[in-house]
Amino acid sequence: MKPLPEDAWNAWQPADLMKRLGLDIHWYVVGGWALDLWHGRQTRDHEDLEFSVLQEDVDRARSLLGELVFFSVADGHVEHLPSSVPPAEHVAQLWGADPKEGCWRVDMMPERGTAATWVYKRDPSLTVPRGDLIRRTAEGLPFLAPAAILLFKAKHRREKDERDFDLALPRLAAAERADLRGWLSRLHPDHDWIARL
């Protein structure tokens, strides 16, 4: 099966994903949407909807999102991933295509952690108790804590990442600032966000 054009995104809202996935598997929203769930409002447009799911729950998530066809995204290649085939170990993203509407709906990211421990995918030596990093909205929608989202955003420093940091900084609790400062000092020691934290 041929993939859609890479810019053919018409992503669902996080609530749409919650309706389909429920709370029986370990999943949570990441990226810019996670920050907006933390803010309690949408602060900018989002071209996609990223979420992570424990590796052991990937097949279940794909089943719950049965209206979508999944493609592995790795090393600049987007390839169809039949429902009977698990993603390869090196695959960090699975894009979900809605064939009826001709668009991408979600970006699923398998996480190598456990039900008790969150593992940072760019450096597996960085682990945190899952309960410390997975937050929930009043409706129960799970999302990754802002300090962890900003750690991911620190690598690329795109314009939207800088805006997201500027908006989040005044609202970060002292402990979240300390966590992010420590992670950046360890993984990105020359990063100018460190001084601002």
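Listing for the model above:
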| item | result |
| --- | --- |
| Residues of the stretch 139-155 classified as among the acidic types (Asp, Glu) and either in contact with a Pro (Cβ under 8 Å, 6 or more places away or on another chain) or open to solvent by less than 10 Å² (accessible area, probe 1.4 Å) (or both), total | 0 |
| Unmet criterion (only one of (1) in contact (Cβ under 8 Å) with a residue 24 or more places away in the chain; (2) of a type in the set (D, E, K, R); (3) at positive phi) for residue 20 | (3) |
| Residue ID - surrounded by the most Cβ atoms within 10 Å (Cβ to Cβ), chosen from residues in the stretch 104-122 that are farther than 18 Å from residue 60 by Cβ and at pLDDT below 95 | 121 |
| Residue check for residue 106: of a type in the set (Val, Ile, Thr), within 21 Å of residue 24 (Cβ to Cβ) and in contact (Cβ under 8 Å) with a residue 12 or more places away in the chain | yes |
| Test result for residue 191, modelled with pLDDT under 95, in a loop (DSSP other than H, G, I, E, B) and of a type outside the set (Asp, Glu) | no |
| Index of the failed condition, residue 70 passing every other in (1) within 14 Å of residue 96 (Cα to Cα); (2) open to solvent by 20 Å² or more (accessible area, probe 1.4 Å); (3) touching a Ser or Thr at 6+ places or on another chain (Cβ under 8 Å) | (2) |
| Among (1) among the charged types (D, E, K, R); (2) exposed (fewer than 12 other Cβ atoms within 10 Å of the Cβ); (3) at pLDDT 95 or above; (4) over 27 Å from residue 164 (Cβ atoms), the one test that residue 62 misses | (2) |
| Candidate set from the stretch 156-197 (those that are surrounded by 13 or more Cβ atoms within 10 Å (Cβ to Cβ) and of a type in the set (Lys, Arg)); member that is farthest from residue 32 (Cα to Cα) | 181 |
| Unique match (being more than 24 Å from residue 60 (Cα to Cα) and among the hydroxyl-bearing types (Ser, Thr, Tyr)) among 83, 125 | 125 |
| Which listed residue, of 56, 79, 101, 47, is open to solvent by 40 Å² or more (accessible area, probe 1.4 Å) and touching a Ser or Thr at 6+ places or on another chain (Cβ under 6 Å) | 79 |
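The values are calculated or read from the model by the stated rules, or taken from the named source; none is laboratory data. This is a predicted model, so every value here is computed, not measured. So basically every Cβ, Gly included, is an ideal-geometry build from the backbone, and we count neighbours across all protein chains shown. The area values use the complete protein model at the heavy-atom level, side chains included, leaving out ligands, DNA and RNA. Shrake-Rupley method; radii C 1.70, N 1.55, O 1.52, S 1.80 Å.
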